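What follows is one structure encoded as C-alpha cells, with my remarks underneath.
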Amino acid sequence: MALALFIFSVITYVGLGLHDPGRTMTVPDFIRKLYMERATYAYWYIYAYIALLMTLPFLRMIVKSMSENYYKYLILLYLLFISVIPCLDYLLFQGDLVMYKKLRPEWILADTVFWPLLGYYLENVYDWKKCTVRTIWRWILLGVTGILLTCGMIYYMHGVTGVCTKEKSQDFHSAFILLPCIAIYMAMKYFWSGKAGQCVPARIKKIIVSLGSCTFGIYLLHMLIKEYFSGLWDVFRVSWHMNQMLAALLLCAVVFAAGYVLTLILKQVPGLKRLL
C-alpha cells in the first residue's frame, strides 16, 4: 500500500503539474506533500488504510474477545456521540455550546477502529440466518432516514449561518452515515447470497467482477482524470444546458469509465498488476 501510495502520488503530482503550467513542481515540494499533506485530497483513504494495517494485530485481539452485544453497544455509542448529540447540540445552541471533547470515546469511534470492527461484525458475527426481506427493508428505511436527517441538518445549518459552501456543509455530512452504510452492505450481501443473486446471468456477474477488480485503480486515478476531463463540465452545463446534478452525475460516469479502461491497460504492465 505504501508503494502504491508513492507511485501514484508521483503520477498524480506530475500529471496535475503538467495540466496546470503555473504550478511549481520540485522534488522537495513533492516530498513535503507526500509526508505532510497529500498529492491529492482523495488519497486520505490510503494514509488511513496504512495506519489501519499497522494496528491490525490489536484489532484482531479485540474482535477475538467481543461478543455480539459488545458490537451492538459499539453501534449505539457511534449513533449517540457521532450522530445524535452533535446534532442536538447544534439544534439547541447553534454551535455556541458543544460537549467537551474529552467526554467522547473518540478512540473507539475513530474511522480506523470503528469501521473495521463494524465490518467484522457484519461479515463474521451477525447471524445471517435471521436476516429476512423484512429486515433488509427496515434497514433501507433507516438508511433513507439517515440521509434525510443529514440533508435536514445541512439545510438547518445553512439557515443559521447563511453559508452553504462545500467545506461548511461537511460539518454534518457524515452525521448519520452509519445507517445507509449498514443498509447498503446488508442489502447487497442478502441479494447476492440469496436466490435473487443466483438468477443473475453469468455475463453480468463477470462484468461486475471485472469492475470490482479495477476499483482501486479507478480510485487512484480518478482525481487526475477528473482534472483532464474538467472541460466536460462546461460542455454539459453550457452547450447541452444540463442542470447541475445531471451534469455532475454524467461527469462522474465518464471519469469512472475512463478510469476503468485505463486501469485495465495498466494491469497489463508488469509490476503494476499487483498494486492495482
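The values are calculated or read from the model by the stated rules, or taken from the named source; none is laboratory data. Please read all numbers here as calculations on a predicted model, not as lab measurements. Neighbour counts run over all protein chains shown; Cβ positions are idealised from the backbone, glycine included.
Restricting to the range 37-61, name every residue that is more than 19 Å from the chain's Cα centre (by Cα) and among the basic types (Lys, Arg).
Keep residues of the range 37-61 that are more than 19 Å from the chain's Cα centre (by Cα), which gives 54-61.
Hit for the range 37-61 is 60, nothing else.
Of the residues that sit in the range 164-186 and are buried (at least 16 other Cβ atoms within 10 Å of the Cβ) and of a type in the set (A, V, I, L, M), which one is farthest from residue 121 (Cα to Cα)? Filtering the range 164-186 for residues that are buried (at least 16 other Cβ atoms within 10 Å of the Cβ) and of a type in the set (A, V, I, L, M), the one farthest from residue 121 (Cα to Cα) comes out as 175.
For residue 74, the requirement of being surrounded by 11 or more Cβ atoms within 10 Å (Cβ to Cβ) and closer than 26 Å to residue 217 by Cα is not met. Cβ-Cβ contacts under 6 Å between residues 6 or more apart (or on different chains), taken from a first residue in the range 114-135 that is in the same structural domain as residue 81 (by TED's automatic domain parsing) to a second residue that is in a helix (DSSP H, G or I) and β-branched (Val, Ile, Thr), are listed as 120/63. Every condition in (1) surrounded by 16 or more Cβ atoms within 10 Å (Cβ to Cβ); (2) over 19 Å from the mean Cα position of the chain (by Cα) holds for residue 138 except the one numbered (1). Screening residue 84 with (1) in contact (Cβ under 8 Å) with a residue 12 or more places away in the chain; (2) surrounded by 14 or more Cβ atoms within 10 Å (Cβ to Cβ); (3) in the same structural domain as residue 183 (by TED's automatic domain parsing) gives one miss only, at (1). Show me the helices (runs of 4 or more DSSP H) found entirely inside the range 1-81 where at least 3 residues are farther than 26 Å from residue 174 by Cβ, aliphatic (A, V, I, L, M) and touching a residue at least 24 places away in the same chain (Cβ under 8 Å). So the answer is 2-19. Among the residues of the range 87-99, those that are of a type in the set (A, V, I, L, M) and either part of a helix (DSSP H, G or I) or not assigned by TED's automatic domain parsing to the domain that holds residue 181 (or both) comprise 88, 91, 92.
In the range 136-175, the residue that is nearest to residue 95 (Cα to Cα) out of those that are small (Gly, Ala, Ser) and at pLDDT 90 or above is 159.
Scanning the range 12-24 for residues that are over 11 Å from residue 40 (Cα atoms) and among the hydrophobic types (A, V, I, L, M, F, W, C) returns 14, 18.
Selection of the range 99-109 for residues being of a type in the set (A, V, I, L, M) and loosely packed, with under 12 Cβ neighbours inside 10 Å yields only 103.
Run down 273, 189, 226 and say which single residue is more than 28 Å from residue 148 (Cα to Cα), surrounded by 13 or more Cβ atoms within 10 Å (Cβ to Cβ) and not assigned by TED's automatic domain parsing to the domain that holds residue 40.
Values: 273 fails: surrounded by 13 or more Cβ atoms within 10 Å (Cβ to Cβ); 189 fails: more than 28 Å from residue 148 (Cα to Cα).
Sole residue among the options that is more than 28 Å from residue 148 (Cα to Cα), surrounded by 13 or more Cβ atoms within 10 Å (Cβ to Cβ) and not assigned by TED's automatic domain parsing to the domain that holds residue 40: 226.
Applying the set (1) at pLDDT 90 or above; (2) more than 30 Å from residue 85 (Cα to Cα) to residue 201 leaves exactly one unmet item: (1).
Filter the range 224-242 down to the residues that are over 25 Å from the mean Cα position of the chain (by Cα) and not in a helix (DSSP H, G or I) and list them by number.
Just the residues of the range 224-242 that are over 25 Å from the mean Cα position of the chain (by Cα), to begin with: 231, 234-242.
Correct list: 240, 241, 242.
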